[in-house]
Structure formats: structure tokens, C-alpha cells
Amino acid sequence: MSQVDSVSVALQTPGQPQPYKELGMQDDEYQRVREILGRRPTSAELAIYSVMWSEHCSYKSSKVHLRQFADKAPQTDILLVGMGENAGVVDVGQGWAVTFKVESHNHPSYVEPYQGAATGVGGIVRDIISMGARPVAVMDSLRFGPADAPDTRRVLDGVVRGIGGYGNSLGLPNIGGEVVFDKSYAANPLVNALCIGVLRHEDIKLAAAPGPGNKVILFGAGTGPDGIGGASVLASATFEEESHKKRPAVQVGDPFMEKLLIECCLELYREDLVVGIQDLGAAGVSCATTELAAAGTGGMIVDLNAVPLRDATLRPEEILMSESQERMMAVVTPALVPRFLEICAKWEIPASVIGEVTDTGRLIMTWHGEVIVDLPPRTAAHDGPVYSRPMSPPPELAALQADSPGRLHRPSNADELRRTVLWLAASPNLASKEWVTSQYDRYVLGNTVLAMPEDSGVLRLDDETGLGIALSLDGNGRYAKLEPYAGAQLALSEAYRNVAVTGARPLAVTNCLNFGSPEDPGVMWEFARAVEGLADACLALGVPVTGGNVSFYNQTGSTPINPTPVIGVLGVHDDVRRRVSMAFAAEGTTLLLLGETRGEFGGSEWAHVVYGQLGGLPPMVDLRAEAALASVMVTGCYEGFFAAAHDLSDGGLSQALVESCLRGGLGCQVTLPGDPFAMLFSESVARAVVAVRPGFEGHVAALCEQAGTPVTRLGMVGGDSLNVALQTAEGAQPLFSIPLQELREAHEQTLPRYAG
Amino acid sequence: MSPARVGVITFPGSLDDRDAARAVRIAGAEPVPLWHADHDLQGVDAVVLPGGFSYGDYLRAGAIARFAPLMAELVPAAHAGLPVLGICNGFQVLCESHLLPGALLPNAGLHFVCRDQRLRIDNVATAWTSEYAKGQEVVVPIKNMDGCFTADAATLAELESSGRVVARYLDVNPNGSLGDIAGITNEAGNVVGLMPHPEHAVESLTGPTTDGLGFFTSIVKRLVNA
């Protein structure tokens, strides 16, 4: 087809067959486009509607559920920008604001792990820049198949290199995240990348194109044939063997260009040169033009011939769908265009005026003088289809929940307990992740106060006042598989606790919801339950959802991944110098266990590692206890009561003690008050272990009593081994002792063995 | 007396330029931002080439930055005695500019390596190390992709015999550098290249130690006494 499919051609050929099905559109969706336009769409218009109405861009299956985040939002005045923009913006005090968001890049990371993960980082960083913020850190939540599965090394190595290669070259510290192995993710890894940005309140920028006559400027990398169809095909289609044929559909990243874009944008903002700005991600120019126009005065004209190309043979449909990385679109008043272009030139960034804002209510695009797009932008950007998909509990759920780990043999003597501590510490999910994190720069920008393996990443925002933030990213697909409502709440609970144990006050939430196909009623039910659970828990804890991302179609054949809501919680440190680390580094401090331990093993690491079993119900959610514990931690850290604090989660008290001992290089002497198996390995929520500075034991007891947080005295920090005893009527009876050296070897050798 | 003025060059892709400036400030000098495309050293008393990935390191690390207009000013000034410290990518640029001998190759493990690295300071006679004691052991972060110091045998022998190895890796050689070399100096001792990042060990809140501050206080002291 050499002739351009212009609007006038479309009017003359109403019956021409169009490949809407190949572009992922349903019959009725295509009919709606024809109704909106009053004619058949041109091929360029079809390209725009197909990507903008894809699951990835339109949230058509999730929208009806996600509304709960707004409907149940807690009363708050900390949200400067709420859901719906590129990222939410939170007031953290002293005139500072923080924007943060997490996004998935799951499918591309399986096809091409390095570039898939790298461009995942690149995309989320541009979301943060487009809010007017300086990006200050990244985190990532990663899930792979079993550590010993044949394909895991390829994916793990490529993903970690990709995240490092891109993030390190941008000069953004990587301050935390997760690495999880589970067979559920064997052919569908999860790569969820988060970026944090910082700005002054008055610097917030929005994605809108107001003001007729204002110029539309495309700047950054040239547009090439990368990721064409990526948004609608690659990011939403179920994975099958032939996916490898889609290799060219994965975008290629250029972190150097992105670094220049960051500095260029910040200079443009400093001189107040932009009226509106939007990054180009999924659906590229289609998305940026329709969204900017829809949110502004309502109209825009664009000359597609003005788009700088890396490949001169690209057709207009391809230009519209290209997902070439490192591009931004800005709206600039005509008088400021020369200065805008001057700053781009200083940073050696190509920039072209490609269009103009109008008040016609139409988005009009031309190609060699012919009109090839003429549509109301809102219909593409916001009025896509919305589905209430059928849902019902997965058929296997009842049997799964009935299969309680109570049937499994538990360690019954000191030897077995000792072996279990080591076994868990060396298991891939609980083992040291240093092989991963040593490939990330955690120091650049000079504001990293805590980074992995600490419970949260902690950053200084203000050198003078010490204002800082903490951020944690957590999920647990096994819990969510057993009970998605509770699973989402447990992920929130853990992230909230991880932030609080450093002494930060939890403020706001972001999320990345990774699920299977929404066309599977079981998956849709899991999704709906998870969203409901998360919305209810956010309301109960008083932390609003600021934005998020949904990733559907994570499955192999008809088998979906474990439902995996990954939750990020942002907290604020009024004075980050008072933060507390997890490291046992102060000899003679008193160890306390805060919170109540119940014998809870459903979905636990113990059942997973020792028996490969998943069944029963996950730990009981207790948000009231979680909030109480957080209040104790925030006050206690600020008052200087704690020398160390570590949250209890996967692997329970056993794993928490192992990690704190190894982090600080000191052992401890612990006496357990009851059933040692439950005390060591239960995964009950709302618990933390703290090392109390001498002289403050009474203060902590009073604080906990006031909050209603149970306290158990465990022992003391010191020595060079982990010593565990049992309290009996006759006094403390030693159970076992493990030298730190032995623990260290168990904990640190696992990942290099599988990945190195 | 006005404080010493220490320039920090920003190339496209420089990443640790703000951190170097902060370290200069903490050491008591005034950091002066220098732009790669200018022909003006702004009369600074010393210069830091910071870490990063100039021009993406898409060619050899430092190979393009070496041709920046500002380098045409810096090279003769360094030959005339201007104190210059190149950190990480800055070290690579100094080697590419032939202000220092040798080259930095990709790390032996072919991974980016970020770790708290123990070092020994072997030469305390340079403009940037006078505040250390000879043989002093310090812990400073290292973080790079191309940190493997290499030179031909004659150059290595010359560096060793003339005591121009400034710092060496202890415990672990993180990148396969010959002779465990972490940093070197030129014959005059005014130009120093260092693969680890002393500017990330200047505050106890954010660094593993404050051991890196000595590089910056050394130059401040020298400039004040000059």
C-alpha cells in the first residue's frame, strides 16, 4: 500500500477490510471507533485506537475495580497530585514533595532480559521527570523461576545487568527491592521498577496541552522501529513459544540519552519554559498527543513529517506506535520556543516543533500535506472500553486452603531446629542478595542513608534540616495465591512495617498489580479481591494510594502466575539522622521482640523451602497491631531508644536474627519463651525485633504498653555466634549455637552458586 | 582569606559531579562548576574530574571526553602543575589524555562492582594524599564497570620503582587491576587518578566511613599553604 490512507480515502472506501483483530481489537471495539468517527478509521487512526484501547494503556478490565482506591481513599491533605497523572505527588513537609511510581516490564524482560529490564527503568524514570521532579533513586522488585531452573540464570543475569547498566549510567542509586524465586514465574518473570523523584511544591508539572497557539515539541531520541505494536501486542498477549519471534519488538535503551534528558528537563523547568509535559512510553506519539490534547484545551495539529526519524522508511502508523525510548513531548508558548531549543542544543538533544495546540476539539495529523488523523482526542485517551469481566474463585482454591501445613513434620529437637535455621538462611529467597545488589550503584548522588539489605531504602532530601524519606517495595505471591484479599493487605502490611522500623512515618502507597489473564474468571476474581483488600487496608492505615500499574496476561499457556500485588510504601523522616539500621552492631544492647507470635505457617518460607508445600491460609492480617507497632517504632527511633531494629517477615524471627547478626557482625544470645518452632519460624504480622540501648528498657516498655504492643524479652546482642535457648521451669536451657562464620557461608554462597 | 577554589568538571554523562562538589565544600574549599564545552578554567586552584559514564562510555571509557574543549585547557595547566584529581571515569579520562599512564579495562568479572573497599595509601607525597599516613588503611566505596588498571611491564615497573602507586586494594582485588593498583600519580605528584570514590566517604550519615575526606582536605591544606 503505497498510497496514504487519508481521511478522504477512508470516506471514499467505507467497506475496506481493516486488520483490527491483528491489532488486538474486538469486533465491538472496532464498531465503536466507526461510530465515534462517523466513518471507518484511517490506518493511522486505527493504530492510535488500537494501542490506546489496549489493556496496557486503557486499563479496560481493571478500571471498574481500581475506582475503589479513590472511593475508599482516607481523608488526607498530603496528596498534591493524585491518581491519574504520570505519578502521584506527596507533600513530605518543609516545602518538599516526593513523587514515586512502580511499573512492570515483565514480558519484554523474558524475551530480552537486558533490554527489557533496562527500558523498564528508563520508562519509570521518565514518568518521574515528567512530573517536574529530579529522579533521586530507583528500586526494583524481581521475580524469577526456581533458582536452579535451566532458564533462570539467563533471565536473572540479563535483568540484573539491564537494571544496573541503565540505572548506574543515569546516576541513580538503587536503594532496595526484592528478589524472589518461585516456579510460578518460570516462563513469566516479574520485573517491577520503581523510581522516586523530589521537587519543591511549586515545581509540579502536569501532562496537559492548554493554550491555543502553543507549540508542541518532541525532544530526545529519534523515532525508530522499536517496540512497534509493543503496547498492544507484546505487553498484553499471552506468552507462547513463538514469542521469541517477537524479539525485535523489544525496545533498546540508551541511558546516556536519558541522563541528558534528565538534566535538560530540569534546566527547562528551572527557567519555567514548559506549559505541559509528557513522557513517551507505551504507545509513543499516539499516547502523548491524545493525552496531552485531551487534558488541555482539547485540540492539536501535528505534522508527522516533522518527527525526527532514525529510520526514514517508517510509515505514519509505525511512527504513531513506535516505542522508541528516551523521548519527551512538551507544550511551550511560542515566545519561549527559541530558548527551549537552545537548552536542548546545550545538552545535545535533538528537538523539533511538530505541532500546535488548537481549540477545535480535534486531534489532526498530517502526512505530506494530507490529513490522516482527525479524531476527538478524549475518545482515544479516556473513553476507551470498560469491561466488568466475569469472575469466580479459582476452582482449586478450596482444596488449596484446606491443605494446611499442619500436616507437615516439624523440627522436634535442637539439632533439627538448628539445621532448619541454616536451611532457610541459605534458601534462594532468604539468602543474601549481594550478588544482585553489588551490581547496582547505591552511593551516587550522595544521599543514600540506608540501602538493601536494610528493610527500607532511606534517602536524605535536605542537607540542612535532615528531612528524609524511606521506601519499601514488597509482595508475596504465595500469600496472595492462598487468599488474594489478605495477600494484598499482607504486602501492604510488610511494606508499611519496613518503612516504620527505620523510624519513618508511613505516608502513601503505590502499587504494581501482576496477574494472569483477565479473561480467566479465576484470575479476575483474584484481582478484584486483591484490589478490594488493598483499598480497605489503605483506608484502615490512613495511607492513600497515589497511583499504580496493572500488568495482566502474566501466564504460561493457561496457567497464570501466583497473583502478585507488589506494594510500595513511602514514609517520611523528619530528621533522617535518627534512622535506625537492622545491624546488630552494639554489644550489650537488650533484644526485644515486639508484637504477638501465633503459630502461622500457611504460605510460609518454611513450608516452601523444606517441603515445597503451598496450602492453608496466610498469616492473619492485623492492621490495628501494625499501626500500633509503627507508632512505637517511629517514636522509639526518634527518641534514640533503639540501636537496631528489623522487621519480621519471610522466615520469621530466625531469619531476622540471622540477617541482623550478619549485617552488624555481632551475634546474640536469645531465650525463647515458648514453642521454639513457632517462635523461630512463624510469619505472624506486626512484629519487629529491636536492640534497646542500655538505660532505655523502661522507656520502651512504657511506649509499648501505651500503644498496646506486646513485648517479649529475648536476650542480648554480643559474641560471635547466634545462641538460642529455651525458657523452662528450671531456667534457660541451651538449644543450639551457630557461629556467625557458618551462618555467613550458608547465607552468602547460594546466589553466586546459581547465578555466578 | 578567601577559600581555595576547586573546579569540578561536568561532561555529558558525568554522574558524581555534585558529590565531588559536596566533598570539596565539606573539606572547606569552594567548589566551582566547570562545563566541558567551555574554554575557561575560571582561574581555579585545582580540578576534580568526577565519576560517571561520560558520553555513555559507548566507546572506550573516557575516550570521547578527552577531546572536550575544556580538556585542551586542562592538559597544559596540569603539565604546569595545576593539581588534578580524576575519580573513576575521571581517572579514565586522565589516562586517555595521557596525563597518567596505563589504561582501565572492563572489570575482570565483567560485572559492574559496587562495594565498600579496603585500600592502603602507599604514596602520601602527592597533592591529594598528604593528610594520610603512609601505609594507612582506609575504606572507601568503589563502583564501576571499567576499573581494571593495566599498563605494559615497563610502565608498571616504573610506577612501582618511583613510588607512583597512590593506593592499592586490600582483601579483594575487585576488578583484576595489575599490582592491586587502585590509584596512581604522575611524576610531579600533582595529577592523581583513583578508581574508588573518596567523595562517597566524607559523611558518616551516607558513607561507610569518612576516610575519603583526606583527599580533599589534603588539597585544601596545600592550597592554603601555597
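The values are calculated or read from the model by the stated rules, or taken from the named source; none is laboratory data. Quantities reported herein were computed from a predicted structural model and do not represent experimental measurements. Every residue, glycine as well, gets a Cβ built from its backbone with ideal geometry; the counts of neighbours run over all protein chains shown. We work out accessible area using only protein heavy atoms, side chains counted, and drop any ligands, DNA or RNA first. Shrake-Rupley method; radii C 1.70, N 1.55, O 1.52, S 1.80 Å.
Within region A:178-220, the residues that satisfy the criterion of being among the β-branched types (Val, Ile, Thr), open to solvent by less than 20 Å² (accessible area, probe 1.4 Å) and either over 30 Å from A:Glu454 (Cα atoms) or not in a strand (DSSP E or B) (or both) are A:Val216, A:Ile217. For region A:686-706, the set of residues classified as of a type outside the set (Gly, Ala, Ser) and open to solvent by 10 Å² or more (accessible area, probe 1.4 Å) consists of A:Arg693, A:Pro694, A:Phe696, A:Glu697, A:His699, A:Leu703, A:Glu705, A:Gln706, listed by residue number.
Of the residues screened, A:Gly197 is one that is more than 14 Å from every other protein chain (Cβ to nearest Cβ), modelled with pLDDT of 95 or more and within 28 Å of B:Gly13 (Cβ to Cβ). Scanning region A:707-735 for residues that are under 17 Å from A:Glu587 (Cβ atoms), in a strand (DSSP E or B) and in contact with a helix residue (DSSP H, G or I) (Cβ under 7 Å, 6 or more places away or on another chain) yields A:Ser721, A:Leu722.
Checked against the criterion of being within 13 Å of chain A (Cβ to nearest Cβ) and open to solvent by less than 10 Å² (accessible area, probe 1.4 Å), region B:91-103 has no qualifying residue. In the condition set (1) within 26 Å of A:Ser654 (Cβ to Cβ); (2) among the hydroxyl-bearing types (Ser, Thr, Tyr); (3) open to solvent by 10 Å² or more (accessible area, probe 1.4 Å); (4) at pLDDT 95 or above, A:Ser493 is compliant with all but (3).
Here A:Thr360, A:Thr366 are screened, and the one residue that is surrounded by fewer than 19 Cβ atoms within 10 Å (Cβ to Cβ) and among the hydroxyl-bearing types (Ser, Thr, Tyr) is A:Thr360. Within the set A:Arg598, A:Arg663, A:Arg624, the sole residue that is basic (Lys, Arg), more than 29 Å from the chain's Cα centre (by Cα) and in the same structural domain as A:Leu722 (by TED's automatic domain parsing) turns out to be A:Arg598.
Out of region A:537-580, which residues are outside any loop (DSSP other than H, G, I, E, B), under 25 Å from A:Leu190 (Cα atoms) and open to solvent by 20 Å² or more (accessible area, probe 1.4 Å)? Correct list: A:Gly548, A:Thr556, A:Thr559, A:Pro560.
Considering only residues in region B:177-226 that are within 14 Å of another protein chain (Cβ to nearest Cβ) and assigned to a helix (DSSP H, G or I), the one that is surrounded by the most Cβ atoms within 10 Å (Cβ to Cβ) turns out to be B:Glu199. Looking at A:Val98, A:Val102, just one residue is crowded, with 24+ Cβ neighbours inside 10 Å and touching a Cys at 6+ places or on another chain (Cβ under 6 Å), and that residue is A:Val102. On the stretch given as region A:524-536, residues that are closer than 25 Å to A:Leu79 by Cα and either open to solvent by 20 Å² or more (accessible area, probe 1.4 Å) or among the charged types (D, E, K, R) (or both) total 2. One residue stands out among those in region B:16-35 that are free of Cβ contacts under 8 Å to residues at least 60 places away in the same chain and buried (at least 18 other Cβ atoms within 10 Å of the Cβ): the one that is farthest from the other protein chains (Cβ to nearest Cβ), which is B:Val32. State whether one or more residues within region A:257-270 are open to solvent by less than 10 Å² (accessible area, probe 1.4 Å), more than 30 Å from B:Trp35 (Cα to Cα) and not acidic (Asp, Glu). There is no residue in region A:257-270 that is open to solvent by less than 10 Å² (accessible area, probe 1.4 Å), more than 30 Å from B:Trp35 (Cα to Cα) and not acidic (Asp, Glu). Per the listing A:Gly132, A:Gly116, the residue uniquely touching a residue at least 24 places away in the same chain (Cβ under 8 Å) and touching an Asp or Glu at 6+ places or on another chain (Cβ under 8 Å) is A:Gly132.
This table checks each residue for (1) open to solvent by 40 Å² or more (accessible area, probe 1.4 Å); (2) part of a helix (DSSP H, G or I); (3) without any contact (Cβ under 8 Å) to a residue 40 or more places away in the chain; (4) in the same structural domain as A:Ile128 (by TED's automatic domain parsing).
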| site | (1), (2), (3), (4) |
| --- | --- |
| A:Pro19 | yes, no, yes, no |
| A:Glu45 | no, yes, no, no |
| A:Ser50 | no, yes, no, no |
| A:Arg67 | yes, yes, yes, yes |
| A:Asp77 | yes, no, yes, yes |
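Looking only at region B:116-170, count how many residues are of a type in the set (A, V, I, L, M) and within 23 Å of B:Leu82 (Cβ to Cβ). So the count comes out to 8. At least 2 residues being in contact (Cβ under 8 Å) with a residue 12 or more places away in the chain, crowded, with 19+ Cβ neighbours inside 10 Å and within 13 Å of another protein chain (Cβ to nearest Cβ) is the threshold, and among the helices (runs of 4 or more DSSP H) wholly inside region A:407-485 those reaching it are A:434-437. Of all residues in region B:1-15, those satisfying the criterion of being farther than 17 Å from B:His197 by Cα and within 14 Å of chain A (Cβ to nearest Cβ) are B:Phe11, B:Pro12.
Checking each residue in region B:48-60 for being open to solvent by less than 10 Å² (accessible area, probe 1.4 Å) and more than 11 Å from chain A (Cβ to nearest Cβ) picks out B:Val48, B:Leu49. Looking at region B:139-164, which of the residues that are closer than 19 Å to B:Thr126 by Cα and crowded, with 22+ Cβ neighbours inside 10 Å is nearest to the other protein chains (Cβ to nearest Cβ)? Filtering region B:139-164 for residues that are closer than 19 Å to B:Thr126 by Cα and crowded, with 22+ Cβ neighbours inside 10 Å, the one nearest to the other protein chains (Cβ to nearest Cβ) comes out as B:Val140. All told, B:Arg115 meets the bar of being within 14 Å of B:Ala182 (Cβ to Cβ) and either assigned to a strand (DSSP E or B) or away from every other protein chain (no Cβ under 14 Å) (or both).
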